[in-house]
Every structure is written in structure tokens, then in C-alpha cells.
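Asker: What follows is a single structure, and I will ask about it in a moment.
What follows is calculated from the coordinates using simple rules that are stated; it is not laboratory data. Quantities reported herein were computed from a predicted structural model and do not represent experimental measurements. All Cβ positions, glycine included, derive from the backbone under ideal geometry; neighbour counts span all protein chains shown.
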Amino acid sequence: MTTVPIYDAGQNRVVNVEKIEKSDAEWKKLLTKKQYEITTRKGTEAPGTCPFSEVHEPGIFQCVRCQTDLFRSSSKFESGTGWPSYYEPISPLNIVEHPDRSFGMVRTEVLCARCGSHLGHVFDDGPPTTGKRYCMNGFALKFVSEGELNQSTPLEVATLAGGCFWCVEAVFREVNGIEKVISGYTGGTTVNPTYQQVCTCETGHAEAVQVTFDAARISYREILEIFFSVHDPTTPNRQGPDTGTQYRSAIFYHNKQQKAIAEKLIGELDKAHLWQKPIVTQIAPLDKFYPAEEYHQEYFSRNLEQGYCQVVISPKVNKFRAHWAKRLKK
Ligand SMILES: [Zn+2]
């Protein structure tokens, strides 16, 4: 199996995907006559016949053969040629350009990087800032509107306890694909607990964060990997200087799938002996999550000068930033 790195707009990251290799006969079965002639036999559609010439809403133009994201609607411009024209691809990874000397001309052919589909040609007479004109065949592309893209990205929620919630919250706020982070209390018995009550250790609650994430951009497992990288899961009821049951390490799962993913990951981490002691993280079903008092939300970013943040949170967050740099919001 040959893989190829492709930028995935839905996930906003580069993913390694399998290269698609099919015979002409196979493509012929899967495509309309026009799509086949253009993408597989390197044909050219008649100018002005582009099937989406009336589309003006924001979205993405994908490869009609393999759904690789190729151009953003924001890079489309009116070239007056009768062919859809773009001044840049969505990512240089997603296309291949190579010299084409057919028909006695010297041109640069543009192909899909994943399936090798012929898309069109690129010329040097485009608008600023690239100066390029990607002159494409509309029949080689498929338009997906922003609304359709968003529909396929359901939001999921993870609830995690890893010591002081200020710190855990600060870390997750920076990660791509995470839409919302709330600090709160869960896992105990007291209804509507206050911070003072939780600090007595009599409520049974843990300081926890509830992370709402876009499952198409970051997986639950990746959320857990980040979680394990920013706290010590081997110290019972303790994180650094903070001790008490409210500082226990816990994963409060929302469904069976999350439970299975958490158990599997903990098994793998224990086997890898990343810590000297075994992982004591509790895995428990989520009951009720109580959001913490307003002054606890976004505590780290609002209290950078505070002594506790300087000593405990800053080094953790900085270490996290260095390690997960490529996943962070810019
Ligand atoms: Zn393709």
C-alpha cells in the first residue's frame, strides 16, 4: 500500500492516506462519460460548460474521482476563459504539476496527488499574489458547500480530571479541533457544589474539565493522549503540590465507545512504562457535571501573574506547547 500526505480541510491537518490506483476500465465504470474522458483520458471540456458555473457560495472543490480537497472557493476568480480558474490550490500537497508537451505546446499539467486524475493546466498569467491561473475542467471537480462540510463534523464531549482544572483547561483551550472547555466538578455526591465545598474533600467531586471537540478534526484518543501528557496519572489523589480526592486522575466516559478507548490506551501506556508506577486513573461513567464558578473559567489566561500559575501551570503549559506545537491554534 502506497500512502501519500494530503491536506484534509475538514480536519484542518495533513493526513496520510492510501494512494488510489485503478485501471482505465475501472474508472470508466465509476464515472460519467465526460468525467472519464477528462480525468482519465486527459480530455478538455468545451469552454462554458462547467457544471457549477452558477455556484457562488463558500465551499471547497474536490477531486471528482477521490474526493481529495483541491481548491477553496475563495481562490476562484473570473478569468473570462470559460473554464473554472483558481489562483492557488488548497495545499501544494494535494496536487502534482508536471510538464506536458502534447499538441506542440509546452504547458504544465495539474493532477490530483491522490488518484492521478487529470484536472487541467496551470499558467503564469493569474492575478496577484500568486500570479498563477489554475485552469481546471469543471467535470474533474465536485463542489461541496461549507454547510455540507460542517454537517459531517459532529461535536463530541470528553470529561476529564487531571488535578487542578485551571491547568488542564488552559492546555485544552490551545488545541485545534477543540471548540469549548469548561472547568467544573463531577464524580461526587453533593448537588451544586461550590469550590469551597469541593476543597473539603467531603463532596467526592473531582476538579474536572469538559471538552467539546470536533471529532472530524481530533479523535477522543488524541484528547486522552494530550490528557495523559499534562498530568501524572500514577499519583493517587495528588498532582504536584495539590493533594486530596478532588485532584484525582479520572476519565468520566460518556458512552461505551469512550470507555473502551480509555481502557485500551491505559493498557498501552502501562505496557510502555512511561511512568515508573502503574496508572491509577479512574475510569467511571459520567454522572452530572457541575460547571465551576465563573471566576474559575479561563483562570490561567486571566491570572498569568498569579503566583500559583507561575509555579505550577506555566511550566506544564510551556512543556505541553513544545511537545504538541503542531496541533495548537495559531
Ligand atoms: Zn483524486
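Asker: Report the Rg/Rh value for the stretch 163-249, based on alpha-carbon coordinates and the Kirkwood definition of Rh.
Answerer: Dividing the radius of gyration by the Kirkwood radius yields 0.99.
Asker: Follow-up. Go through Lys19/Lys316; Lys180/Lys316; Lys19/Lys319; Lys271/Lys329 and tell me which ones have a Cα-Cα distance over 30 Å in this structure.
Answerer: Numbers: Lys19/Lys316 39 Å; Lys180/Lys316 20 Å; Lys19/Lys319 36 Å; Lys271/Lys329 32 Å.
Pairs exceeding the cut-off: Lys19/Lys316; Lys19/Lys319; Lys271/Lys329.
Asker: Which whole-number percent gives the relative contact order of the chain, counting Cα pairs below 8 Å spaced six or more residues apart? Before the final figure, lay out each step's value.
Answerer: Numbers: 635 pairs, mean separation 49.7, N = 330.
Computed value for the chain: 15 percent relative contact order.
Asker: Now, a different point. Return the whole-Å distance between the Cα centroid of the stretch 124-150 and the Cα centroid of the stretch 246-292.
Answerer: Each part's Cα centre sits 45 Å from the other's.
Asker: Name the aspartates and glutamates eligible as straight-distance cross-link partners of Lys277: C-alpha to C-alpha under 16 Å, and not fewer than 8 places from it in the same chain.
Answerer: Partners within reach: Asp232, Glu268.
Asker: Still on this structure, please answer the following. Treat every Asp and Glu Cβ in the chain as -1 and every Lys and Arg Cβ as +1, leave all other atoms uncharged, and give the resulting dipole magnitude about the Cα centre to the nearest 20 debye.
Answerer: Working: 38 positive and 38 negative charges, 169 e Å.
Here the chain has a charge dipole of around 820 debye.
Asker: Too long at a 25 Å Cα-Cα cut-off: which of Lys28/Lys132; Lys76/Lys326; Lys29/Lys142?
Answerer: Pairs exceeding the cut-off: Lys28/Lys132; Lys76/Lys326.
Asker: If one takes the longest principal axis of the Cα atoms in the chain, at what angle in degrees, from 0 to 90 and to the nearest 10, does the Cα axis of helix 314-323 lie?
Answerer: 30
Asker: Viscosity 0.890 mPa s, temperature 25 °C: what is the translational diffusion coefficient of the chain from Stokes-Einstein with a Kirkwood Rh over Cα pairs, rounded to a whole number of µm²/s? Present the calculation step by step, with values, prior to reporting the outcome.
Answerer: Details: Rh = 23.0 Å.
It diffuses with D of about 107 µm²/s by this estimate.
Asker: Between Asp232 and Phe77, how many nm apart are label points set 7 Å from Cα along the C-beta direction?
Answerer: 5.8
Asker: While we're looking at this one, here's another question. Could you give the C-alpha radius of gyration of the stretch 3-150 expressed as a fraction of 2.2 N^0.38 Å, taking N as the number of residues it contains?
Answerer: Taking the Cα Rg and dividing by 2.2 N^0.38 Å, one obtains 0.99.
Asker: Still on this structure, I have one more. For the stretch 155-327, what relative contact order do you get, as a whole percent, if you take Cα pairs closer than 8 Å and at least 6 residues apart?
Answerer: Working: 305 pairs, mean separation 54.0, N = 173.
For the stretch 155-327, the relative contact order is 31 percent.
Asker: Taking the Cα centre as origin and putting +1 on Lys and Arg beta-carbons and -1 on Asp and Glu beta-carbons, what dipole magnitude results for the stretch 3-150, to the nearest 20 debye?
Answerer: About 420 debye.
Asker: Determine by what factor the alpha-carbon radius of gyration of the stretch 155-327 differs from 2.2 N^0.38 Å, reporting the quotient.
Answerer: Numbers: Rg = 14.9 Å, N = 173, 2.2 N^0.38 = 15.6 Å.
It is 0.96.
Asker: Fewest Cβ neighbours within 10 Å first, please rank Met136, Met105, Met1 accordingly.
Answerer: Details: Met136 25, Met105 8, Met1 4.
Lowest to highest Cβ neighbour count: Met1, Met105, Met136.
Asker: If neighbour count is taken as other Cβ atoms inside 10 Å, put Cys112, Cys309 in order from fewest to most.
Answerer: Cys309, Cys112
Asker: Let me ask something else. Fewest Cβ neighbours within 10 Å first, please rank Glu174, Glu57 accordingly.
Answerer: The most exposed by this proxy come first: Glu57, Glu174.
Asker: Still on this structure, please answer the following. Considering only C-alpha atoms, what is the centroid distance from the stretch 158-183 to the stretch 95-116, in Å?
Answerer: 46
Asker: Across the stretch 64-192, what fraction of all alpha-carbon pairs, as a whole percent, falls in each successive 5 Å bin from zero upward?
Answerer: Bin by bin from 0 Å, the calculated values are 2, 8, 14, 15, 12, 8, 7, 7, 7, 6, 5, 3, 2, 1, 0, 0, 0.
Asker: Would you compute, from DSSP H runs of 4+ residues alone, the mean residue ellipticity of the chain at 222 nm, taking -39500 (n - 2.57) per run and dividing by the full residue count, rounded to the nearest 500?
Answerer: That comes out to -6000 deg cm²/dmol.
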